[in-house]
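Below is one structure, written out as structure tokens, with a few remarks after it.
The values are calculated or read from the model by the stated rules, or taken from the named source; none is laboratory data. Computed from a predicted structure; not experimentally measured. Glycine also receives a Cβ, built like all others from the backbone with ideal geometry; neighbour counts cover every protein chain displayed. Remember, those area values only see protein heavy atoms, side chains included, never the ligands or the DNA or RNA. Shrake-Rupley method; radii C 1.70, N 1.55, O 1.52, S 1.80 Å.
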Amino acid sequence: METYWNHNTAFHHELVADAKTRGGRVLDVGCGEGLLLERLAPVARHIVGIDPDAKAIERARARLKSSPNATLLCGDFLAMPVPSPEERYSTITCVAALHHMELKAALLRMRQLLAPGGRLLVVGLAANRTVADFVLSGLQVLPVRIMNRWHGGVREIGVRLAAPQQSLRDIRQAAQEVLPGAKIRRRFYYRYLLSWDKPPSDL
């Protein structure tokens with residue numbers, strides 16, 4: 001299947017490079033039609049993708065048919081059972097999917113599924129609420145349009161879309177409650193990056 005570029009896939013190289021440093025088992029939450037999983041497959045022992053959209057999972061299965069280390073699950077991530085310690089994930093990625101779920105519940109389940117010493121990487125969207133939010137988003141409009149034209153960006157890939165409801169301030173507060181020490185930084189393409197390393201003692 002063909003690849004494509006948009007404001008989410010712009011972060012794939014960074015996520016794959018980070019996951020490669022740990023290898024092991026990788027979970028992609030809200031995997032959609034599987035492009036990130038396809039890119040993660042060569043650097044991980046086992047990749048797992050979960051998404052509630054049956055049509056997206058069907059497309060992901062077609063994309064990953066030549067990846068024997070891939071498992072795809074159609075269902076609610078918040079209902080995903082917590083595996084035994086040895087089956088937890090060295091890396092969990094979540095790209096443009098966290099705002100589709102209840103924020104604190106999703107972060108808590110990610111924490112539970114992550115192996116001690118593992119890393120959570122969330123590329124997310126936040127709602128503009130403050131003057132600073134609107135100003136910083138406005139400053140990106142022209143350069144983002146230029147990059148879209150440069151890369152031949154696509155907006156619609158046939159997956160479910162939703163507008164974010166929580167502000168970056170809300171997300172920071174929830175993350176500090178559930179994931180103490182989490183780092184959240186504004187990034188280009190109207191996104192933020194949340195990263196959290198699970199302490200080795202956090203079982």
With all protein chains modelled, accessible area of Thr130 [1.4 Å, Å²]: 40
In Hz, Karplus ³J(HN,Hα) per residue of segment 6-23 (6.51, -1.76, 1.60; θ = phi - 60°; x = Gly, Pro): 8, 5, 8, 5, 4, 9, 4, 4, 5, 5, 5, 4, 5, 4, 4, 5, 10, x
Cα-centred dipole magnitude for segment 24-169, charges only on beta-carbon of K, R (+1) and D, E (-1), debye, nearest 20: 260
The chain - share of DSSP beta bridges that are antiparallel (%, nearest 5): 35
Glu86-Glu58 FRET efficiency (beta carbon distance; Förster radius 35 Å; 0.05 resolution): 0.70
Relative contact order %, segment 67-159, counting alpha carbon pairs below 8 Å whose residues are six or more apart: 26
Farthest positive-ward along segment 74-157 dipole, Cα basis, beta-carbon charges - from Gly124, Ala106, Pro83: Gly124
Mean separation of Cα contacts under 8 Å, 6 or more apart, over the residue count of segment 108-203: relative contact order %: 51
Ranking by accessible area, most exposed first, for Trp196, Trp5 with a 1.4 Å probe: Trp5, Trp196
Alpha-carbon gyration tensor eigenvalues x 5, square-rooted, for the chain, Å: 25, 22, 15
Sum of -39500 (n - 2.57) over DSSP H runs of 4+, divided by residues of the chain (222 nm, nearest 500): -10000 deg cm²/dmol
Asp197 accessible area, 1.4 Å probe, all protein chains in place, Å² to nearest 10: 80
Accessible area in the full protein assembly, largest first, 1.4 Å probe, for Arg160, Arg149, Arg191: Arg149, Arg160, Arg191
Protein-only accessible surface order, largest first, of His13, His100 at 1.4 Å: His13, His100
Summed side-chain charge close to Cys74 - residues other than Cys74 whose Cβ falls under 14 Å, Lys, Arg +1, Asp, Glu -1: -2
Those GluC sites (Glu not before Pro) in segment 24-116 that DSSP places in a loop and that have at most 14 other beta carbons within 10 Å: Glu102
Å² per residue, accessible surface of segment 45-172 at 1.4 Å: 55
